[in-house]
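A quick write-up on the structure given underneath.
The values are calculated or read from the model by the stated rules, or taken from the named source; none is laboratory data. Values in this document were obtained by computation on a predicted structure and should not be read as measured data. Glycine gets a Cβ as well: all are built from the backbone with ideal geometry, and neighbour counts include every protein chain shown.
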Amino acid sequence: MILQYFFFKYFYCPLTDPTENLFPTCYSLKKGTATDLVVQIVLIAESMRLQAMMATYGIQTQTPHEVEPVQIWSSTQLIKIFQELGVNDKIGLTGRPPRPVGSLGTSKVYRVCGMTVLCYPLIFEVSDFYLYRDMALLIDDIKTELQFVGKYWRLSGRPTVCLLIREEHMRDPQFKEMLDLLAMLKKGYCDGMKVRIGRLQNLISSSCTEHLDFMNSSDLPESCETHFSQIHHEYIGYQSLTDVPKAQTYVEEKIICTEYATRSIPDIIQALREMNSIYCQCQLWGILLNREGPNYEVNGTKVFDALTTLYHRAGTLRYWRAVRYCSSLLHHTVDSISPFITTVLVNGKQLTVGVIGQKETVFDKPMTPAEIQSVMYSTVQPFDVIQAVLQQEVVLYCGRLIATNPDIFKGVLKIRIGWVLEAIRLYLIMSGQGSDLDNLSPFSIRILLQRVLTVSEWANEEKLTPLQRRQLEGCLCRVPDQFYNLVWDVLQRTPNGISVQGHHLPATPTLTSMSRSELSFSLLVEETFNHIIQPERRQLSVELLCIVATILSRNPELRFKQALDLDQLLVDACSIYCRENKLALSNDVSPLFSLQYNETTGYLARAAVNNVLQGGALSHQDDDAQDTQYETCKVS
């Protein structure tokens, strides 16, 4: 009976955070969200000096010493506590896996072994990965964190979010924007969400409190006995932000050093002495890493240590190209990437990673950080060093976006990260910003990702050409509503299947082994269309198949005798366009890419109908009546 109670209490209860697993929330679970929900915020300053400086700007904070006896923990310490949940050696039960604790989990006050604990969210963790260095990204993460907690809170008591302000934040050129955010929070609102900043001692009584009574003091991990302590800095005369030395803005020419890959070791060492370019040094140390290993020494410095030093130096300078290059060589992985992949999956999408033109790896089930790291550095890094970490960034952002704005992924069944980056690159070119993704800040990448995912909302305002819009939508492989149902309908009337770019989608056994609504059929169709390399051609093929489906639905007597060759139909449609505009005929269908949608609809429909009339479909009418049938075919 006791065992049944234990499992109900800690395992059976519904999860309240899609990024959490096996999280005990049953004590305080309630239905619905109060319309007057207030998210409580505690501001913790890392040092007294920082606290004093923040006070000059009207921002009241507390130091870790001032909130005692309440302890401030990192979410990592909380993970170690939950690893003891459910452990029973006698029956072979292990504890909660060491996965990150989500936003809702860090918004509670915990009672652990007589201690009262508040954890700061994962976004404030300082890790090996470089995202924490981008202040603009942190500001956006704070807003997203508060919005998520306010939207999904289902517990009794108010959520209490701990915002940690570090001294290194002051050196960021965008720290003023952080002050603006804190000033907005002080007024009681954050993008429409009610918030309340206060002293932790005053907020605890109204907070959601969780008692972790499965722990004994003797079982407490040593790392959890020491809490987050105030950092003591020598006073060096900072009176305001104007006195704080800001991070430098670093600019250098992008130089590729691939020719050194075949040079001798002495040549590479000599180049290291002579070159001042940080990015060149990254590449040269990378060549030594690949050839000699991380422990190879140059003038007493190991390759691994040199790359780590370069990584931190580039991070201080916000030189993102070098930061990403070193981070990839050091095989860094985003700490919180696993829950965000899971978030994408539970929203009915799949992810793929890989460089365009090379083998992709599909994430279709939750994976551990070690598995993700292995995939990234075996699938991506051999072909593009920087994309091994850049694609991790985009995976993380997709997970955050789909949790708060799932509609922007509408029509995208499989989020192909390599193609998403290609869409961002194309948008940069379209907007006159060049094509250099590698040196953009993480926050810029996130904004651009959201931009390309919402192209349908702003395409007309920015006056994108049809070609540009097809390129962006084609990179995303976005399809209209009911598209996969339409493909099923076409296959039912096309016994020999559909062919495109040398790949064949058979009607048999597809129609007999699958159903029109199952995910495996949609994925099969998506994979077929992904073989089309040009994104604009891919999108035009989607338009063509929708038109064919419309013709067949409005002319129930028609059935295609031969395989439906989408490539040939595009060539036929382009030939009609060229004849009417007195252009030279060729198999190049690129003139169609730039036409308005209503124009291409006409040409594609005529090509499809001509294919019907020329024997592509079964028809009982006499050939002499073809002109009449063309007029009567219902295509509009």
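Each residue in segment 47-73 was checked for being touching a helix residue (DSSP H, G or I) at 6+ places or on another chain (Cβ under 9 Å) and among the charged types (D, E, K, R), and 2 of them qualify. The conditions of being at pLDDT 90 or above, in contact with a helix residue (DSSP H, G or I) (Cβ under 8 Å, 6 or more places away or on another chain) and assigned to a helix (DSSP H, G or I) are not met by Leu131. Exactly one residue among Val355, Val412, Val452 is among the β-branched types (Val, Ile, Thr) and more than 25 Å from Asp134 (Cβ to Cβ), and that residue is Val412.
Looking only at segment 160-187, count every residue that is in contact with a strand residue (DSSP E or B) (Cβ under 6 Å, 6 or more places away or on another chain) and either assigned to a helix (DSSP H, G or I) or loosely packed, with under 14 Cβ neighbours inside 10 Å (or both) and tell me the total.
2
Out of the residues in segment 441-469 that are under 16 Å from the mean Cα position of the chain (by Cα) and surrounded by fewer than 19 Cβ atoms within 10 Å (Cβ to Cβ), which is farthest from Pro591 (Cα to Cα)? Only one residue tops the list, namely Ser441. For segment 359-381, the tally of residues that are more than 15 Å from Arg324 (Cα to Cα) and not in a helix (DSSP H, G or I) stands at 10.
When Leu437, Leu472 are checked against the criterion of being part of a helix (DSSP H, G or I), surrounded by 19 or more Cβ atoms within 10 Å (Cβ to Cβ), not charged (D, E, K, R) and not assigned by TED's automatic domain parsing to the domain that holds Gln596, a single residue qualifies: Leu472. Of the helices (runs of 4 or more DSSP H) entirely within segment 511-624, those holding at least 2 residues that are closer than 19 Å to Thr465 by Cβ and in contact with a Gly (Cβ under 7 Å, 6 or more places away or on another chain) occupy 535-554.
For segment 391-413, which positions are in a loop (DSSP other than H, G, I, E, B) and hydrophobic (A, V, I, L, M, F, W, C)? Hits for segment 391-413 are Val412, Leu413.
Among the criteria (1) assigned to a helix (DSSP H, G or I); (2) in contact with a Cys (Cβ under 7 Å, 6 or more places away or on another chain), the one Glu457 does not fulfil is (2). So which residues in segment 412-429 are in contact (Cβ under 8 Å) with a residue 12 or more places away in the chain and touching a Ser or Thr at 6+ places or on another chain (Cβ under 9 Å)? Hits for segment 412-429 are Leu413, Lys414, Ile415, Arg416, Ile417, Gly418, Trp419, Arg425, Leu426, Leu428.
Of all residues assigned to segment 274-290, none qualifies as being part of a loop (DSSP other than H, G, I, E, B), more than 30 Å from Glu518 (Cβ to Cβ), modelled with pLDDT of 95 or more and not basic (Lys, Arg). Selection within segment 311-323: residues that are among the aliphatic types (A, V, I, L, M) and surrounded by 22 or more Cβ atoms within 10 Å (Cβ to Cβ). The member of this set that is nearest to Asp172 (Cα to Cα) is Ala314.
Please report, ordered by residue number, the strands (runs of 3 or more DSSP E) entirely within segment 37-119 with at least 3 residues that are among the β-branched types (Val, Ile, Thr) and surrounded by 19 or more Cβ atoms within 10 Å (Cβ to Cβ). The qualifying strands (runs of 3 or more DSSP E) are 39-45. Counting the residues of segment 538-557 that are more than 24 Å from Gln596 (Cβ to Cβ), out of contact with any Asp or Glu (no Cβ under 8 Å at 6 or more places or on another chain) and buried (at least 18 other Cβ atoms within 10 Å of the Cβ) gives 1.
The single residue among Leu22, Leu93, Leu43, Leu50 that is under 30 Å from the mean Cα position of the chain (by Cα) and at pLDDT 50 or above turns out to be Leu43.
Does segment 282-293 contain at least one residue that is farther than 25 Å from Leu396 by Cα, touching a residue at least 60 places away in the same chain (Cβ under 8 Å) and crowded, with 18+ Cβ neighbours inside 10 Å? Scanning segment 282-293, I find at least one residue that is farther than 25 Å from Leu396 by Cα, touching a residue at least 60 places away in the same chain (Cβ under 8 Å) and crowded, with 18+ Cβ neighbours inside 10 Å, so the answer is yes.
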